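Notes follow once the structure below has been shown.
Laboratory data are not the source of any read-out in this text; all were calculated from the coordinates shown. Being a predicted model, the structure only gives us computed values, none of them experimental. Note that we place each Cβ from the backbone using ideal geometry, even for glycine, and neighbour counts take in every protein chain shown.
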């Protein structure tokens, strides 16, 4: 999609947004009544959703810190970044090295508005409005080219967004397209909602598809997510429920229920 300047009429506040629902679950204030109603309705059927969102955010922060501290990554492209909150990717990465550079990508116009307001004074960070499926547009965007040197290792993040992509858009193919553009030593971070309970997969998929006006994909199974990283070196501890991916300590919160999980991990491009 083509980027456009944010306008109030670019946002339909009557239709829930995945980014704004996520913001609501994280305790943010950048959401509307439609988002809150949809979020609460989903909680009635899948009560672990709020805890899952919090654990997913902590996973993102751990991954970025580990890649920056232990693997020397200084460039990040965050696909489907959502609304800015506390300890964003650039804040975690730049706490390790202030020269770290981050490009946030999202197709929600409110993300563009709030993101740019937050990042106006951070010259090593940018937010662009684009469909995360449009790899050519993202990689060719002037802000991406300004900040990201693709001759050097990059971490491409797909954190809790691939379930927003319908099967006909082939999320596995999207991940492969991005991987093919990255040099050895780069990383892919992927996780998405999965469930081994068919009734949960069907309910959530139908609910979110209807709530968002068709702007959603599907709750999938673990084997499908594993296929996103075929042929790549998956870092320890492998593909897991994300609260168990290199927790900070033994007291770190673990997903308490198995209705559905945020499942994924990190792979290195050799």
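Numbers for the structure displayed
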{"read-out": "Three-way shape label, the range 80-187, alpha-carbon gyration tensor, a/c 1.5", "value": "oblate"}
{"read-out": "Computed E for residue 202/residue 87 - FRET, C-beta separation, R0 35 angstrom, nearest 0.05", "value": "0.55"}
{"read-out": "Whole-angstrom gap from the range 36-99 to the range 173-192, using each part's C-alpha centre", "value": "18 Å"}
{"read-out": "Sorted by Cβ neighbour density within 10 Å, fewest at the top, the residues 244, 99", "value": "99, 244"}
{"read-out": "Of all DSSP beta bridges in the range 9-268, antiparallel share, percent nearest 5", "value": "40 percent"}
{"read-out": "Stretch gain in nm, segment residue 29-residue 249, where the contour uses 0.36 nm per residue and the Cα spacing is subtracted", "value": "76.2 nm"}
{"read-out": "Value at 222 nm in deg cm²/dmol, rounded to 500, when DSSP H runs of n ≥ 4 in the chain each add -39,500 (n - 2.57)", "value": "-11500 deg cm²/dmol"}
{"read-out": "Estimated inter-spin distance, residue 69 and residue 183, nm [label 7 Å along Cα→Cβ]", "value": "2.6 nm"}
{"read-out": "Ascending count of other beta-carbon atoms within 10 Å, so fewest first, for 30, 87", "value": "87, 30"}
{"read-out": "Overall form of the range 210-251 per C-alpha gyration tensor (a/c, 1.5; a/b vs b/c)", "value": "oblate"}
{"read-out": "Residue 61-residue 149 pseudo-label distance in nm [points 7 Å out on the Cα-to-Cβ vector]", "value": "3.0 nm"}
{"read-out": "The chain: C-alpha gyration tensor shape, a/c 1.5 cut-off, then a/b vs b/c", "value": "rounded"}
